[in-house]
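Worksheet: one structure, shown below.
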Amino acid sequence: MEHPSSSSKVTVEYFDPYGVYQLLSPGLLPRLPLRNLHWESHSGPLRSISSLHIDLVPSAQTLHLPSSTDLASASTSSLSRVKSEDSAASGDDGFRIQALGQAVVERPESVSGPSKPVVKERRHQIPGLRQTPYLKVLFIRCDDSDTYKTQTRKEVREWIKDQTPLATKLSAQENHDAFEWLIVHVIVPNTAAATQPRTGGKSAEGSSGSSSDKSGTRWGKGSSTILEKLRADFNGSSRSAVDRVAQIRIGINDVPYEMLPRVIPAIPGSYSETPQENESAWLDLISKFKSLILSSFDMRVGQYEEDIREKDAQRTLPGWNFCTFFVLKEGLARGFESVGLVEDALVGYDELAVGLDAIVREQSATGSGAEHGGSFLPYTEDLKRQAESARTAIRKDMGSDDVVETDDPIDLQFTSQSAENIANEIPLNATKKRYRELILANDISIFDFRCYLFARQLSLLLRIANAWSSQEELLAKLKEQRESSLQGVAARLPAVQPSEDIENLAVLGEVCRRAMDFVASIARVIRDDIWVSWRQSQQDSNSESNEASKDPVMVQVIDNIVASFTFAIAQQILAQTSTKSLPIPPSTLAPPSSKIGLDGQEPKAAIPEPKTMMHPARSSSLAIRSRSREPPSPGLFPSGRRNSVPEQGGASPFLKAGLEELAAHCAELYLLSRNILELAGKQHGWSVGWTEMAHLQGARADTMEEFDLDKPSAVSSQIDTSSKLPPSIHGIDSKLLRTALDNEDDFYRLYETLTDKALRHYTVANHVQSVQSSMADLAVLKYHLTDFAAAASYFYRMTPFYGEGGWAQVELSMLIMYAKCLKELQRKEEYVRVVLKLLSRAAMLEKERLQRKSAFQVGGRKHSFDEEVVLTCSYLPELTKITQSLQHEVLVPLQNFFGKVEIEETVLYLPKVDGFGLQLKLQYLLADDLCIDKGRVKITPTGEGSSRDLWLETTGPLVFRKGKVQMSVQSNVLIPGAYHVSHIILQASNVILQYEHGIPLSTSGKAHSFFNCPKLVVYQRSDAFDVRLYASRSMHLDRNRFLEIELSSGWNNITSGELHIRAATAGLRLQTSDTKLVSGSLEVSQRSEAGVVRFGIMESGSTAKIGIPFNLEHEVNDISIKVEISYTTEKGTFFSATTPTISIMLPLGVNVQDVFKSKALFSRFTISSATSSPLRLLSSRLEKSEVYDAQGGLALSKPVLVFPRQPASMLYKITKSDLNSKQRPKQKPKTSLSLILNYICLVEEVEDAVIDSLRRLFEDEALRPYMRLVLPAVISELRTRISPYDFERAAILNEVSTSIFSSVRWRDHFSGLGRLEHQNEEIASVLSRLLETWQQDTPRIPLVPISINDETIARSRSIIIPVDVPSVTVVHTADLKLLEHSAVLGNDVVAAANQPITASLSIKWTRIWDTEQFDHSETENNFLEFFYDLSGPSDTWLIGGKRKGHFRIPKNPSQNGKQRLAFPVILIPLREGFLPFPNLEIKPAPFVKIHKPGHAGSDEDTRVKQANITCETDFRNAGETIRVISNSQKTTVSLDASGPQGGAWLLESEGREVGSGGVMLG
């Protein structure tokens, strides 16, 4: 499809003396418009024109020629069927009466030759006022060369002479209307010219086929064609001459039969044109059209620019006229427009608009008129007549007596569809008046001037935007031009259809934006124009101008005229910028609930849509466009996000460039129209609802009026006068606005429609705030019209937006109206929700007022923000009443009603009651009293050790009044630790006010400004009920261990209690069913329930201790248990919980070393400390068993210190008891012994000493409650800071130094305790100072001296360790005896080195330590076999004899010690000195040989594996030594160095005289 909307149209004049245009046009018009033209500007870059339409108009001479029907009257009319495409488009069947004229040979004399010249039109002195052709074309028909020579050449020359003046006569005026000329030779079939090629010569390019050679022979070498003759005669002789001749051949099928010449006999070698050559001819013609039109356009632009520069340079000279300059520059702009350079034309008009504004401002400032820039009419006559007519009508309606009847025609513009009425609906129209002539004559007002200028800008912008209105206007002209051409004689023209081009939405948005600016300026111009005309008319009537300016009737008239004109402009722009590319969502307007008929349908609207009233002549087409423009709903509406759902079957329209800008500017125009309507409605007393908002909030609107202090009487009189005027619609020419003001229903309907359209356009534009503002307007309107259902639906959607955006005052007013709507509709749950939100917003405003007051109030001066927010009615009582009927609770954030919540830092404790409480200070913001049924506060531990939250409650109902209030909460559950308040709940009927503080001790953001909670430390007072956990002081390693729980009643008289005990360490098993009373007087229930221990009465000040056995799946050093205690006293039931941790690691370690003898067993026990703390061993004894007796040394007389690196050793002798068979019990006797140790850990001594020293500090009654808080903190620091060296030092010096506490920051341990009431000092500071003083005054704390007595033994820790005597199968006693000796000198054995010593190894054995009684029946042999090995160091002893051997002993234990084995050995000492005896090792043999009788009287030896046998060896020579000396008695040594060997050498040696064997005992 073509793009007519992107180009313009230039005039091409043709002269057709032969009537051939009708033959040529069917082939020419389809090739139009011209495309891809390129013009090089004089002062800018190369400009491209995509398409240029041609307006082919006949010249004046053509119009004076006889018509085609006259030329064809002599011939017989006939019908000719011609194949064409246009028949389908035009609706005919292809048969037409053709009257195109006759052939040249039959041409009447009346048309032979050119017609008589016509008198030329007189040019205007100011260029640019006429539409002159850019190109003049002469269509000629010359059938043969003879005709050309005799007739056609002369006619062409005369036509050129008439059209082109001499070069010397060319002037600037001629250049303004410069044009080019072109000769088109049309060849008709069956003529001699049709047989000629385009060019002559042997190789004629125009020839084709087999006729090319013949044509060259036919015409000869020197002959020329008619086309060549025309070019030679009229193109000029220079090389740069422009080719102004074209030739077009008409096909035989394109000419009517009656117009064809008589058939000429075929000429041999005649020329026939191919389709390619025919197309080339047309392309040549189109190319000449483009080049010649651009050439004439270039000349015109150059002349215009030169004249404009000249006129602009004369701007400062007297007599310079802007109107003349305007017409001249507009001529250039229209020239640009004519060739499609619309942007350049718009720039010209924009510059003219700026120039007009400058002239008007300059004349207004200087008061000069015609002297500079020319003069303008002071007022517009049309506006004056309209104003006078409206004023007369108003005064007549008022019944004024001074109305003068005139003979002027009655204005029937609202009762008939006159042309004037249509013009009023389209106020911006460049053809509404003869503006250019008025401008040239300086007979135009500023109002008309601005309207014409903006109308031209508007027209150009719409063309740039490819708007539908601009397309239809252009297409209508093209259709008219095409319909005037010949139909049915050629390929028919395609039907004219509107362009489907995508419009430029950004430019359409620019149109709307400019329209908004124009409306604002033209309104002031209209007012000034009418007032000037009114004052002049009053001065002519000898009236004072001052009185005229106060005429209230005239004020009303001017307001109506301005409103009508601006309203009509807005509607015109909206109609002209409407586009299919703007997908506006469908309307969400619901029919008013009061106006829905019985059938459920809304009655027919009394007022039409705004756009349907804009152009009455085009109402049907606009209606169609309006329906087709709105696609299906793109999504839910409204919403805060841009709707971007695409249309069905196409791309999303929301992705088009400029879419949002256009939608936003259109919405602004709708709002402008609505504001105009709203102002007009105020004159009739019609409100849209916003005026009631101040009254709903209780504001004093009457005190906020402003008065002119300079002229109070004049203003008041003017107000009084204007208030007496009745509303009138005289002066309003806009039919839509006038219809809306006829009655109140139409007014509200149009207001609602305009607001809804603005809302939908803002939705497309993604202007969220504007969408919400428009929705608020609809909501307030529906509320004003008592359509509560529709109003509630709007309030539901838009009130959250204003709340989130910070528009608190607006939101409050809307919530009031919303609440009233819901109350009228009986929607209780929604009413509760909205009222709660309303009260929260009122509280927020009150809070902001208080903050501003505290920030800006100086002294006692009262500021404007001191006014309280007061609602018109009370909501809380009704809210409480309604919520009682609801089935569920209503949760409300506490900060919605309260401005600040503070928690007192000091925890409250009641005297002699094991509970605590908190004090809360709240700032209540509402005016209504708030009745609280119950208040609850939850505190959450800040540390990671405990995860239990505590709840505190009020003791009764409370009533809060506006201002600062207090609330006390208490709890009987006390769990020591550090807490912060995390939850506050206030219950009023079914309304739950709650606050949850997520981040403890938050000091940033709004949370800190509302909620202030310091660290809260909850502790047990020294006389409260207490539970402590200890490890049992007595431990038996063969039995279950016990945990001891100490219960202290304190000041409580407990009637009953219950312990819930759970393991907090993995693998710990508590056997609560075996709980027993360890000490004290307490009745423990025997009912077994896992993890529960119940006890009975405990008097005040009593203490009891219970034991609970436990076991572990795997050994750990520390265990923890969770203890929950609930107990009942006469003051109530109380609850406490704790998770203590104790160490169960054994503080000592015991190792044993056994030495077996034949009759006794000696065991040495080594006792060491398993920790870094030393031990005091008080006693140690080994108790006998049924099988063994034990004997030890003397008992300890004083404690033995056992250090980690200095253990203690205890030696005991164990012998076997003599039990007769009669005394032996039937069951197996107990063989293990028991080692009983009593000890004291030094760390306990140190802790007890520190605690005893600190207890004396808390004898003061004021500090006594904090003792249980301070002592664990000090002990914790002691365990952390004391070192092993400090323990050893304390054990030796029997005192502990307090210097380890010097660097402790005690204040950090006790922060959060609050203040002392009587001293008003922080408790943390008092305690910190107390401990620091104690540390300075007590540098050393002596330990309690410990002596061994029964009381000390009873208080100490004890451990019973079972000692098992190991079972040994055989105990061997070996003795190595020397057989020869000569003398005994003391106890030492003396032997000579390197001399053999005869010895005997004696071995005896016993099985008394075989407690398992080895079963000899398991093996076939009846003896046990062992082997021995006597060995010694190889450099010390050389052993001979039977140093290794095997021996057997009987299995029967009854033969113990009856046999003694002896084995001879020889010992040779190898070195001198005291040598230990060789070592002896006896082991059981792994295999035993058994002798069995074999077959046939032979014997066999079988090796049998011996059973597991254990043995011990008592080698009596272990530890004994032999003195070995040299065997030489006398030695002679030579020290002469002259000997053969040199040096000393042995001469003689004499041995000792010893006995046999060389062994000597001395």
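The values are calculated or read from the model by the stated rules, or taken from the named source; none is laboratory data. Everything numeric here is computed off the predicted structure, so don't read it as measured data. Glycine also receives a Cβ, built like all others from the backbone with ideal geometry; neighbour counts cover every protein chain displayed. Only protein heavy atoms, including side chains, enter the accessible area calculation; ligands, DNA and RNA are left aside. Shrake-Rupley method; radii C 1.70, N 1.55, O 1.52, S 1.80 Å.
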* **Spread of Cα-to-Cα distances over 10 Å intervals beginning at zero, given as percent, for region 1060-1118** => 21, 45, 27, 7, 0
* Structure fact -> By the mean-Cβ-within-10 Å protection proxy, highest first, 1508-1514, 1178-1184 rank as 1178-1184, 1508-1514
* To do: At 1.4 Å probe size, with no ligands or nucleic acids counted, give the accessible surface of ARG361 in Å², nearest ten.
  => 150
* **Calculated FRET efficiency for the pair GLN919/LEU825, C-beta based, R₀ 35 Å, to 0.05** => 0.20
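Once fully extended, how much extra length lies between SER1549 and GLU381, figured as 0.36 nm per residue of separation less the alpha-carbon to alpha-carbon distance?
Taking 0.36 nm per residue and subtracting the Cα distance, the gain is 403.3 nm.
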* To do: Quote the accessible area belonging to TRP690 in square angstrom, nearest 10, computed with a 1.4 Å probe and with ligands, DNA and RNA left uncounted.
  => 90
* Pair TRP951, ALA1354: separation of 7 Å Cα→Cβ label points (nm) -> 4.9
* Taking the alpha-carbon set of region 883-1005, what are its Rg and Dmax in Å? -> 15.0, 44
* To do: Starting from the exponent 0.38 and prefactor 2.2 Å, build the expected Rg for region 1163-1302 from its residue count and divide its actual Cα Rg by it.
  => 1.56
* **Estimated FRET transfer efficiency (ALA808, ARG1329; beta-carbon r; R0 41 Å; 0.05)** => 0.20
* Nitroxide proxy distance, nm - points 7 Å out along Cα→Cβ at GLU1099 and LEU1316 -> 3.5
* Asked: Based on the Kirkwood radius over alpha-carbon pairs, what is the Stokes-Einstein translational diffusion coefficient of region 1030-1079 at 4 °C with 1.567 mPa s viscosity, in µm²/s?
  -> 97
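DSSP loop GluC sites (Glu not before Pro) in region 1277-1362 with at most 12 other Cβ atoms within 10 Å of their Cβ, which ones?
GLU1317, GLU1321
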* Structure fact -> The answer for chymotrypsin sites (Phe, Trp or Tyr not before Pro) in region 1030-1113 that fall in a DSSP coil and have at most 16 neighbouring Cβ atoms within 10 Å is TRP1051
* To do: Could you compute the FRET efficiency for ARG1205 and LYS1228, with r as their C-beta to C-beta distance and R0 at 56 Å, rounded to 0.05?
  => 0.85
* VAL1152 versus LEU1196, label points 7 Å from Cα toward the beta carbon: distance in nm? -> 1.9
* Heavy atoms only, probe 1.4 Å: what % of the accessible area of region 1193-1286 goes to carbon and sulfur, would you let me know? => 50
